[in-house]
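The values are calculated or read from the model by the stated rules, or taken from the named source; none is laboratory data. Computed from a predicted model, the values in this text were never measured in an experiment. Because the Cβ atoms are built from the backbone with ideal geometry, glycine has one as well, and the counts that use them run over all protein chains shown.
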Amino acid sequence: MATVAKSPIKAKHQRLVLLIVALVVLIGAALLAAWALRNQASYFYVPSEIVARPPEPGRAVRLGGMVEKGSLKTAADGVTINFAVQDGKARVPVTFKGIVPSLFVEGSGVVAEGKMGTDGTFVADNLLAKHDENYVPREMQDMSREQAQKVMQETK
Amino acid sequence: MIAELGLAALWLAAALAALQLVSGALGLTERGAVLGGAVRPVAVVQGGLALLAFACLIYVFSVTDLSVKLVALNSHSMKPLVFKIAGAWGNHEGSMLLWVTVMGLGGAFVALVEKRLPERTMLATLAGQAFVSLGFYAFLLFASNPFERLSPVPMEGNGLNPLLQDLGLAFHPPTLYLGYVGLSIAFSFAIGALVTREVGPAFAKAMRPWVLGAWIFLTVGITAGSYWAYYELGWGGWWFWDPVENASLMPWLAATALLHSCGVLAARNALRAWTIMLGVVAFSMSMIGTFLVRSGILTSVHAFAVDPQRGTFILALLAIYIGGALVLFGLRAATVTEGERFAFVSREGALVVNNVMLSAILGIVLFGTLYPLFAEAMGAKVSVGPPYFNPMSALFAVPMLVVLMVGPLLRWRRDKFGRVGRELVIPAMLIVAAGICVLVLGGVALLPWIGLALSVGLGWASLLPLKGRNLRRTPLPIWGMVVAHFGIAVALFGMSSESAFSVEKLVAVRMGEVTQVGPWGVKLDTVEPVAGPNWTAMEARLLVRYGIDGKVTRMLPQSRSFWAPPQQTSESALLTRWNGQLYAVLGGEAPKVDGEKQSRWQLRLWWKPFAPLIWIGGLLIALGGLLALVGRVAADVRRIVAKDKIAYRREKQGR
């Protein structure tokens, strides 16, 4: 009891100190978050954009477009696939190692998550295809409205 | 007929919620005091009616009444019964009905059993609960009526998303909802306390069991959801920082902070305004989560059909409730008097660190989840994933876990590190030893390395509060704390080990071929077609062996094709050993290379050392919560019984 009474901090001051500590940490967290988000957020590209202004190699980005007809090839190991994604203006070769989603076929839309390699090939570590009616990758939804028709005609 | 009954029950429940709000609010005034007596019974009946409406929905789903639009859109007569029932909440309208049902039942339960607080505070609390419910009733009745009829009646329903046709998932949403909506009770208590200015230990003690209950359900729900994502999606990961996962994590973080600050308020009458604030924030996070998921503003596997009207409606509700609560807080916070003082080195001080760090993590997750929305408004399409979330949340989680080792040993009000320092020598040495061991093994990234070292020390330190106690006489809440903190160490060890030591193998193999993954030899025996009630599948028979002379075990991963709606899913096969889990996914048939006769099948295999500890740890955390809850409630019941006895004796003697 006595020690607490001797403590120089008054109740009001303690409240202030607590408030300041909490605010400093939270503002620090917010600033850190903002900084990290600028560096770590993965941007979405369509092929013509990624060809015009390629992101720095090694940065995680997403690439969306149509799988070019006749471009889908499986490598000899049976699990690596190579294909090209295009948006009617440009095409980007993509390589992916893994099990492809069931609705991933030539001529369909795809969003590839991965990195741009130094040789201009996009190395994907995940492919998102249209799952079902209720789940369409958001970017693909917008894109298909704008470009899908055109792309489909060109690829036919 | 049943559907109409459900709709009528829903309207009646909404009307009663309005009555509950009005009579609760008037009951606080002098002239309306007589109305106060109606509040509790009305709350009980309202909960009952909401439950009746939900039962009606379950009934129409279980008999597949296709004249109800919701059933036709989301169910199919060929589905197993359990998934028909689960289908009732596997869609937007049904899940919102479940939401208001849980909310109504929560309010009814509070009205029935909560007698510890002054009646005025209870009236304000129940009125607050009714106010929140009313908004969601309006949302259901005007924007997403689950009982809408369809004409003409279709021949067959659309079916349920096959990913959702899984037992684990059938019971995962209700669990999470009990947690989300349970926090509405904490919110209402906070509102009630602000309105009547009754913020003190009694309020914290009354609120704590409700927060604990909601928190237990949230913990179990998140753990189950994570395990579901792990084995059902077939991607080998257990947490994807998907917006919907974040939507469940954010209320959990806020509720965890609330739980600890409640403890401070109950025991020491400090952190008053902060506890109220957290009560508001926790339920706000539940609502923001619901908004994110239900509005379709963020795409995710969980997001149901996109409907801008609904998004706007929920956004308006959010603005009213969160905005209103914050305004009330702003008006009244100044009148909440200062709490008791404490030194920095004290139990309170440690819990303040816990609270601030949890809030910081909450901020990090909230920022990362909403950032794609802001960026899109600015014209950039981005997504935010593990490279942001993992290091940023660890930045605050690690100091918090370090304090977690010390905090439970400290005394309330004022303490010295010197007193507890000696006990922490062993955990500190364990951390250093584990750190060196992992370093020697090599090849481990920074975060898993920190996690592994920390988890070992934390595991030991979390048991220290039991030292020197008579274990039989140790109160249940202390056991709860120890078990929950130990669970954190266990889960942390599992997570770190999974990311540090997992081995992945992706191959295309012929029948009879053997491939190695970690210590396992895996032989593809056969691939054969099999059929289920509403799917067909290719099933691989794998013969696996641990080490050179282990026992041969069978694993049966499948690649399933559902026909209603048409979709393919991969059913992974898991084999659990004491030291980890072997995870197998069957892909498709690889195209034949020139001159090849036998076909090859794609296999994706993982060996994940100690991965199951992630979920065992999660369940331990929930178990800790349960022990604490049982302990608290039992103590309350004993106190009430004793009080009644004393009152009874007095009455007798008086005669």
- Query: Only one of (1) within 17 Å of B:Ala508 (Cα to Cα); (2) at the interface with another protein chain (Cβ under 9 Å from one of its Cβ atoms) is not met by B:Thr569, so which one is it?
  - Reply: (1)
- Message: Looking only at segment A:99-112, count every residue that is within 13 Å of chain B (Cβ to nearest Cβ) and part of a strand (DSSP E or B) and tell me the total.
- Response: 2
- Message: When you scan segment A:113-122, do you find a residue that is under 24 Å from B:Thr569 (Cα atoms) and either under 20 Å from the mean Cα position of the chain (by Cα) or assigned to a loop (DSSP other than H, G, I, E, B) (or both), even just one?
- Response: yes
- Query: Is it the case that B:Leu373 is touching a Leu at 6+ places or on another chain (Cβ under 8 Å), in contact (Cβ under 8 Å) with a residue 60 or more places away in the chain and surrounded by fewer than 18 Cβ atoms within 10 Å (Cβ to Cβ)?
  - Reply: yes
- State which residue is nearest to the chain's Cα centre (by Cα) when the search covers only segment A:36-47 and only residues that are among the polar types (S, T, N, Q) and crowded, with 17+ Cβ neighbours inside 10 Å. A:Ser42
- Among the residues of segment B:537-575 satisfying the criterion of being in contact with a Gly (Cβ under 7 Å, 6 or more places away or on another chain) and touching a residue at least 60 places away in the same chain (Cβ under 8 Å), which is surrounded by the fewest Cβ atoms within 10 Å (Cβ to Cβ)? B:Pro565
- Message: Going through B:Arg632, B:Arg600 one at a time, which residue ends up being at pLDDT below 95 and either within 25 Å of the chain's Cα centre (by Cα) or within 25 Å of B:Pro209 (Cβ to Cβ) (or both)?
- Response: B:Arg632
- Message: Quick check on this structure: which one of B:Val336, B:Val345 is more than 7 Å from chain A (Cβ to nearest Cβ), modelled with pLDDT of 85 or more and over 30 Å from B:Val293 (Cβ atoms)?
- Response: B:Val345
- Query: Can you name the residue in segment A:47-66 that is among the small types (Gly, Ala, Ser) and in contact with a helix residue (DSSP H, G or I) (Cβ under 8 Å, 6 or more places away or on another chain) and, of all such residues, is nearest to the other protein chains (Cβ to nearest Cβ)?
  - Reply: A:Ala60
- Query: Just wondering, is there one or more residues in segment B:84-93 that are in a helix (DSSP H, G or I), over 24 Å from the mean Cα position of the chain (by Cα) and buried (at least 22 other Cβ atoms within 10 Å of the Cβ)?
  - Reply: no
- Query: Scanning segment B:375-394 for residues that are more than 7 Å from every other protein chain (Cβ to nearest Cβ) and under 26 Å from the mean Cα position of the chain (by Cα), which turns out nearest to A:Gly64 (Cα to Cα)?
  - Reply: B:Pro386
- Note on the structure: Of those in segment B:510-541 that are aliphatic (A, V, I, L, M) and closer than 30 Å to B:Ala445 by Cβ, the residue nearest to the chain's Cα centre (by Cα) is B:Val517
- Being modelled with pLDDT of 85 or more, within 18 Å of the chain's Cα centre (by Cα) and within 14 Å of another protein chain (Cβ to nearest Cβ) narrows it down to one of B:Trp210, B:Trp274, B:Trp252, B:Trp241, so name that one. B:Trp241
- Those helices (runs of 4 or more DSSP H) lying entirely in segment B:165-269 with at least 2 residues among the β-branched types (Val, Ile, Thr): B:172-196, B:201-232, B:243-268
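From A:Lys89, A:Lys73, A:Lys69, grab the single residue that is of a type outside the set (Gly, Ala, Ser), within 9 Å of another protein chain (Cβ to nearest Cβ) and either in contact with an Asp or Glu (Cβ under 7 Å, 6 or more places away or on another chain) or farther than 18 Å from B:Ala380 by Cα (or both).
When all the criteria are applied, what remains is A:Lys73.
Residue by residue, here is whether (1) surrounded by fewer than 18 Cβ atoms within 10 Å (Cβ to Cβ); (2) free of Cβ contacts under 8 Å to residues at least 60 places away in the same chain holds:
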site	(1), (2)
B:Ala584	no, no
B:Lys592	yes, yes
B:Gln598	yes, no
B:Trp615	no, no
B:Gly624	no, no
B:Arg638	yes, yes
B:Asp644	yes, yes
B:Gln653	yes, yes
- Message: Quick check on segment A:123-137: of everything there that is over 22 Å from A:Gln40 (Cα atoms) and outside any strand (DSSP E or B), which residue is modelled with the highest pLDDT?
- Response: A:Lys130
- Message: So, B:Ser261, is that one surrounded by fewer than 23 Cβ atoms within 10 Å (Cβ to Cβ), farther than 15 Å from B:Gly106 by Cβ and at pLDDT 90 or above or not?
- Response: no
- Query: Could you count how many residues in segment A:87-98 are assigned to a loop (DSSP other than H, G, I, E, B) and surrounded by fewer than 22 Cβ atoms within 10 Å (Cβ to Cβ)?
  - Reply: 4
